[in-house]
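Here is the structure we will look at, set down as structure tokens.
The values are calculated or read from the model by the stated rules, or taken from the named source; none is laboratory data. Just so it is clear, the structure is predicted and the values come from calculations on it, not from any experiment. Note that we place each Cβ from the backbone using ideal geometry, even for glycine, and neighbour counts take in every protein chain shown. Side chains are part of the model used for accessible areas, which takes the heavy atoms of the whole protein and leaves out ligands, DNA and RNA. Shrake-Rupley method; radii C 1.70, N 1.55, O 1.52, S 1.80 Å.
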Amino acid sequence: MPYQKLAIGGAAHDVLSWANHDFSIEEQSMLRNVSRLPCLFKHVALMPDAHLGKGSMVGSVIATKEAVIPATVGVDIGCGMMAVKTPFKNGILDGKLKELRLKIEEAIPVGFNAYQESVDESSYWDGWKQFNELHQGVRDRKAKAMKQLGTLGGGNHFIEVCLDTENFVWLMLHSGSRNIGKELAERHITTAKSLWRLSELPSPDLAYFIQGTPEFAAYWKDLKWAQTYAMKNREIMMTRLLQVFNKMFNHRQSFRPELAVNCHHNYVAMEEHYGEKVFVTRKGAIKAAAGVYGIIPGSMGAKSFIVQGRGLAESFDSCSHGAGRKMSRSAAKRAFSEADFERQTQGVECRKDKGVLDEIPGAYKDIKQVMRNQQDLVKIIAEIKQVVCVKG
């Protein structure tokens, strides 16, 4: 679907949308506020999975000149996906799905859990050399950050074993910068708000740092560190996931993945667009420059997609980061029962209790429609469907 230019009264810049639905008054107000930012570059690009966020829409791509908006990046800095294609077919999994799920849960802490002590891969990470240069408010969090590196977290984070259309096994996971990323984000968001009078901004949640200031430099340093932490977090989990897989199915041997993808979908990068250097914030969106691999997951009961970007300029070389929620977590808990969850995740080995009810597939948009809406943004490389899903 080609993009549409939304008619939002009072908007100062265009809002280009790849979504095929109307937006609520609250969502339109949020888009209007972002469009009025003086640091905004060109337009706002709204991906097909867009839904209400804090300060700005989840599923929005916001390019800025000489400024970064910390609340738009959000508190899960560097959240993203990693996927590996194995050379094995689905037959090796027969009768072993529950055992595999339990083994994964033993190897990788989920929810609020962490390792008793940091694992070797975490202890030797070079990023710890810069830890004492981070915001002074988090410098007593090093031990916790070390124990959480290589852990999943909760909410919509997950680990999955999937099959593609040719029945090859894929391993996939979704996580970010854990508590340390949240702590850094919250402190810098507070600092940004303290620099402005409320009347100077379209919304307090859009307080931004201006390049060249000490506050910008401090946030940019911490942001890059947290994004690297998030990337490393996924790498360590994938290493441990592969160890579990190899021990069960490959007689402890390792294999060379046929394809491995690790991408952020909640981050900032300096890029060149329309001939100018700008800061691109992808809040629930992934980079889809020409030929670049990405991962677009569905819900717990839906397909996911490995893609390559087409590099469309109007999207700032971006695409959706998933299906996107159509229902809040509280609304999902009110609307659905555990029996509904059981039906909607039929054939998937996963938790099916009320603790994950807010992640029911019915709370998410139709991933097939989302993919149809962005055919001009990405090319599908593989279509995969989970048979095991681990949630926090």
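For the stretch 197-206, putting each phi into the Karplus relation 6.51 cos²θ - 1.76 cosθ + 1.60 with θ = phi - 60° gives couplings of 8, 4, 5, 7, 10, x, 7, x, 6, 10 Hz, in residue order, rounded to whole numbers and with x for Gly and Pro. In the stretch 118-173, one over the average inverse separation of all distinct C-alpha pairs is 14.0 Å, which is the Kirkwood hydrodynamic radius.
Dividing the mean sequence gap of close Cα pairs (under 8 Å, 6+ apart) by how many residues the chain holds gives a relative contact order of 23 percent. Given their separation in residues at 0.36 nm each and the Cα-Cα distance between them, Lys142 and Asn250 gain 35.3 nm when the chain is fully extended. Overall, the accessible surface of the chain at a probe of 1.4 angstrom is composed of carbon and sulfur to the extent of 49 percent.
Legend: residues Glu26, Glu106, Glu160, sorted from most to least accessible area (1.4 Å probe; ligands, DNA and RNA excluded), read Glu106, Glu26, Glu160.
Among the trypsin sites (Lys or Arg not before Pro) in the stretch 1-40, those placed in a DSSP loop whose Cβ has at most 16 other Cβ atoms within 10 Å are Arg36. Rolled with a 1.4 Å probe across the full set of protein chains, the surface gives Lys287 an accessible area near 80 Å². Helix 178-194 axis versus longest C-alpha principal axis of the chain: approximately 10°, rounded to the nearest ten. Summed over the residues of the stretch 3-57 and divided among them, the accessible surface reaches 42 Å² per residue at a probe radius of 1.4 Å.
Taken along the Cα-to-beta-carbon direction at a fixed 7 Å, the label points for Tyr115 and Lys354 span 3.6 nm.
In the frame of its principal axes, the stretch 317-392 has Cα extents of 38, 26, 20 Å, reported largest first.
In the context of the full set of protein chains, residues of the stretch 321-376 present 49 Å² of accessible surface per residue (probe radius 1.4 Å, heavy atoms only). In a simple Cβ point-charge model (Lys, Arg +1; Asp, Glu -1; nothing else charged), the stretch 274-392 has a dipole of about 180 debye relative to its Cα centre.
Contact order, relative form, for the stretch 1-142: 14 percent (alpha carbon pairs under 8 Å, 6 or more residues apart, mean separation divided by residue count).
Among the chymotrypsin sites (Phe, Trp or Tyr not before Pro) within the stretch 123-155, which fall in a DSSP loop and have no more than 16 other Cβ atoms within 10 Å of their own Cβ?
Passing sites in the stretch 123-155 are Tyr124.
A dipole drawn for the chain from +1 and -1 charges on Cβ atoms has a positive end, and of Val268, Gly324, Leu241 the residue lying farthest that way is Leu241.
Measuring r between the beta carbons of Ala339 and Met270 and using R0 = 56 Å, the FRET efficiency lands at 0.70. The Stokes-Einstein estimate for the chain, based on a Kirkwood radius over Cα pairs and taken at 25 °C with 0.890 mPa s viscosity, is a diffusion coefficient of 115 µm²/s. What you get for the chain, charging only the Cβ of Lys and Arg (+1) and of Asp and Glu (-1), is a dipole of about 400 debye around the Cα centre.
Sorting Leu40, Leu195 on solvent-accessible area from highest to lowest, probe radius 1.4 Å, gives Leu195, Leu40.
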